[in-house]
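Working notes, beginning with the structure itself.
Since every read-out is calculated from the coordinates, none of them should be taken as a lab result. Just so we're clear, the structure is a prediction, and the values are computed from it rather than from any experiment. Cβ placement follows ideal geometry from the backbone for every residue including glycine, while neighbour counts extend to all protein chains displayed.
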Amino acid sequence: MQISTKQFYDTQLKSMQDLQSDVGKLQQQISSGKQLTKPSDDPIVFSQASRLQLQLDNLGNYSRNITLASNKLNTQSTMITQAANIATRLQELTLQGANDTMSATDRKAIAIEMIQLKGQLVDLGNTTDQNGEAVFGGFRAKAPVFTADVNGKISYSGDNGMRMVEIGDGVTAPTGTDGLSSFMSVRVAGETNPRSAFTIVDDAIDALNQGKSTAGTVSQMKGMVDHFSNVQTTVGSQLGRLDAQKNVNENSGLTLKTALSSLLDTNMEAAATQFSQKTLSLNASQTSFSRIAQLSLFNYLK
């Protein structure tokens, strides 16, 4: 009888301890909102959740890369748009300078405006970002990258390096264009080698300052207008690619978050029901044990 009594106490105690543990675990799941808080809760599920979280972390890195690349490309897009507007104005002035009715004085006045516009082009090419780096410098980001010599001739000290960033799983994209491609490689109809936008402007200015017609530079100016239009298109397509990948990443992120939530988050309705049931069972067990323990037979057997 003593053995049976001990077994009864041990069994009842073990049962209540298990119920108390279950109630405590459910209480923690409800308060934290997580059904798993450490690997030992469910090693297999926790491993799956860890892999999903790693993928989410990677998406976070891709998002930051897209933001950085977009910021630079948007800056370049603004500068190239302004450069295209300047090129259009330069083309208009060149057509004026080609008019046979223009006097030498008139042409010199046009040259003065062209010199000012050329200076604005140089400033656009030397645009810097928030870190003071030239956005058109390629890998050589130290500003300025466009400088004038004693004769006013513009040279480029950057390179044609293209910074690439990872924007998705196995997907990379350029962070922009360089000054060599944007300002120093204008294709002119009938010419084999590309020319600098600044050289094209200089040719027109030289002709005007000599009182000559700019008819010989009309096709060059048109080439420059077309060139900046093409650069605008290139930068725009790069921005479009970033936006498209951003949408892909956001959709993937939503899918991953849903999957992660299903693994880790507490089902509040089910947990609350179990908590109520376990609590009732624990209370009933404690009450029953207390009453049975007070029976005279058990008191006698002590």
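Things worth noting here:
- Efficiency of FRET from Cβ geometry, residue 129 and residue 255, R₀ 41 Å, rounded to 0.05: 0.75
- Rounded to the nearest 0.05, the FRET efficiency derived from the C-beta distance between residue 115 and residue 45 at R0 = 51 Å is 0.10.
- Cα gyration tensor category, rounded, prolate or oblate, for the stretch 84-139 with a/c compared to 1.5: prolate
- The stretch 190-263-the stretch 134-148 distance, computed between alpha-carbon centres (Å): 17
- Under the convention that each Lys and Arg Cβ holds +1 and each Asp and Glu Cβ holds -1, the size of the dipole of the stretch 52-259 around its Cα centre is about 60 debye.
- Applying the Karplus relation 6.51 cos²θ - 1.76 cosθ + 1.60 with θ = phi - 60° to the stretch 94-107 yields 3J(HN,Hα) values of 5, 5, 5, x, 7, 6, 5, 7, 6, 8, 4, 5, 4, 5 Hz, where x marks Gly and Pro.
- Rounded to the nearest Hz, the phi-derived 3J(HN,Hα) couplings of the stretch 222-234 under the Karplus curve 6.51 cos²θ - 1.76 cosθ + 1.60 (θ = phi - 60°) are 5, x, 5, 4, 4, 4, 5, 5, 5, 5, 4, 5, 4, where x marks glycine and proline.
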